[in-house]
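**Q** Below is one structure. I have some questions about it.
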Amino acid sequence: MKKERPYPVARVTPKAEGMLRKGFLWVYDTEILSIPDGIENGGLVDVASNKGAYLGTALFSEKSKIRLRLLSRNPNDKFDRAFFRRRLSYALSYRKTVMGADYAACRLVFGEADGLPGLTVDRFGDLLVSQVLFYGMETRKAMLYEELVSLLAEDGVVIRGLFERNDVNLRSLEGLPLETGWFPGLPRPASPVTGIVENGVRYEVDLENGQKTGFFLDQKYNRQAVARLAKDRTVLDCFTHTGSFGLNAALGGAKRVTCVDVSGEAIEMAKANAARNGLSDRMDFIEADVFELLPKLLAEHAPYDFVILDPPAFTKSRRTVRDAARGYKEINYRAMRLLPRGGLLATCSCSHFMTPALFLEAVKSAADDAGVSLRLIEARRQAPDHPVILGMPESDYLKFYLFQIV
């Protein structure tokens, strides 16, 4: 690095250099060859090869194993307020382009995929929900929120509150506290509950108590795909949570939909959403463990011809990925046993550690054991407001497949 720059320099291993040049955005602590002492936590650091070639500028985290998160590869960037406003502006412009009318309820910022590592912001009408998982964003969040609200106001969107869901254990790895609450720099709304419409289905979203940032937006168009195939089908929606897949199936013309979840609170929420949409007469609800329920339904010759499997992530680390594969195989095997020839299966995994190849291997193995063949109807990913960055596999996490049993 010949030009004099204002930032300390971290030199990294050839392995890290190769990954960064291929589009990866993280440098782990074990990949740093040298770095000056006394760098401010969350501060800016130039990243260089062992020979001194500039690879980018990153934010430093003194406690995380992900020691550096790349912010820019442009040596001419100035990391001032205007820089971050541009990044937010690009993120909003992208959502307006790809989401259309669904811009009213979508993910506005998706961390590294938007050049804002560790920051997530979802929009639900005139309310925002954020999650910050990285020290470098935590120290800048007030400025980021102000700029985001200002940019939305330019679009005519007046934000009446932002709720922080910083209650995930990953924050502990950054030395950050686990906490939730309304951001004090913005007004606090009278209620944490807001209404949204997705695919024609009305929901109430509880920002304070809902899962993660309140509602799973990433399956938006996968739910549409289910609705297109559901007409005149008898549907079993497993791990239903808010009832979203089942509601889309019912709205798509399903004869009957059964929603299953182990959580009684989730079942009550799904029931309320069915009533909200005038679909209660075609939907019923079971509080049960899906793994235990499916064999019982098979023994009873239950007449389902469309099964939806949307389980929580079975693995959150590489160490447990093989155990997770066995779980995915088991749940898919039981669903395939229940379905008749010509029946439909929607199945997915939301763990990025379960790669498409591993997941399909588990599904194929389940089909072999069940003695059925699978016709692939469609392979899908997360909605485009959760963009995938090539070279950054962590951004490509959701696998969704529609099959017919043949």
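The values are calculated or read from the model by the stated rules, or taken from the named source; none is laboratory data. Keep in mind the model is a prediction, meaning the values are calculated, not measured. Here the Cβ is made from the backbone with ideal geometry for all residues, glycine too, and neighbour counts use every protein chain on show.
**Q** If Phe285 meets every condition in (1) within 22 Å of the chain's Cα centre (by Cα); (2) part of a strand (DSSP E or B); (3) hydrophobic (A, V, I, L, M, F, W, C) apart from one, which number is that one?
**A** Exception for Phe285: condition (1).
**Q** Arg188: among the basic types (Lys, Arg) and within 30 Å of Lys65 (Cβ to Cβ), yes or no?
**A** Considered against the rule, which asks whether it is among the basic types (Lys, Arg) and within 30 Å of Lys65 (Cβ to Cβ), Arg188 comes out as no.
**Q** Also, I was wondering about something else. Restricting region 367-406 to residues that are of a type in the set (Gly, Ala, Ser) and at pLDDT 95 or above, which is farthest from Cys106 (Cα to Cα)?
**A** Top of the filtered list is Gly371.
**Q** Okay, next question. Where residues in region 85-104 are touching a residue at least 60 places away in the same chain (Cβ under 8 Å) and in contact with a strand residue (DSSP E or B) (Cβ under 8 Å, 6 or more places away or on another chain), which of them is nearest to Ala142 (Cα to Cα)?
**A** Let us first name the residues in region 85-104 that are touching a residue at least 60 places away in the same chain (Cβ under 8 Å), namely 85, 88-89, 92, 94-95, 98-99, 102, 104.
Next, only the ones that are in contact with a strand residue (DSSP E or B) (Cβ under 8 Å, 6 or more places away or on another chain) stay: 88, 92, 95, 99, 102, 104.
Values: Leu88: 13, Leu92: 18, Arg95: 22, Met99: 26, Asp102: 26, Ala104: 23 Å.
Ranking the candidates gives Leu88 first.
**Q** Would you check which residues across region 67-124 are among the charged types (D, E, K, R) and farther than 26 Å from Glu208 by Cβ and list them?
**A** Within region 67-124, Arg67, Arg69, Arg73, Asp77, Lys78, Asp80, Arg81, Arg85, Arg86, Arg87, Lys96, Glu112 meet the criteria.
Condition check ((1) assigned to a loop (DSSP other than H, G, I, E, B); (2) outside the structural domain of Ile308 (by TED's automatic domain parsing)) across all residues:
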| site | (1), (2) |
| --- | --- |
| Ile159 | yes, yes |
| Leu176 | yes, yes |
| Pro184 | yes, yes |
| Val197 | no, yes |
| Asn209 | yes, yes |
| Ala250 | no, no |
| Val257 | no, no |
| Ala274 | no, no |
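**Q** Next question, about the same structure. List every residue pair whose Cβ atoms lie under 9 Å apart, where the two residues are 6 or more positions apart in sequence or sit on different chains, the first residue falls within region 17-29 and is in the same structural domain as Glu174 (by TED's automatic domain parsing) and at positive phi, and the second residue, located anywhere, is of a type in the set (A, V, I, L, M, F, W, C) and assigned to a strand (DSSP E or B).
**A** none
**Q** Among the residues of region 162-219, write down those that are in contact with a His (Cβ under 9 Å, 6 or more places away or on another chain) and among the aliphatic types (A, V, I, L, M).
**A** The one that is in contact with a His (Cβ under 9 Å, 6 or more places away or on another chain) and among the aliphatic types (A, V, I, L, M): Leu217.
**Q** I'd like to know if region 16-26 contains one or more residues that are modelled with pLDDT of 95 or more, part of a strand (DSSP E or B) and within 23 Å of the chain's Cα centre (by Cα). Talk me through it step by step, then tell me what you get.
**A** Filtering region 16-26 for residues modelled with pLDDT of 95 or more gives 16-26.
Restricting the remaining residues to those that are part of a strand (DSSP E or B) gives 26.
Going one step further and asking which of them are within 23 Å of the chain's Cα centre (by Cα), we end up with 26.
Yes; the residues of region 16-26 include at least one that is modelled with pLDDT of 95 or more, part of a strand (DSSP E or B) and within 23 Å of the chain's Cα centre (by Cα).
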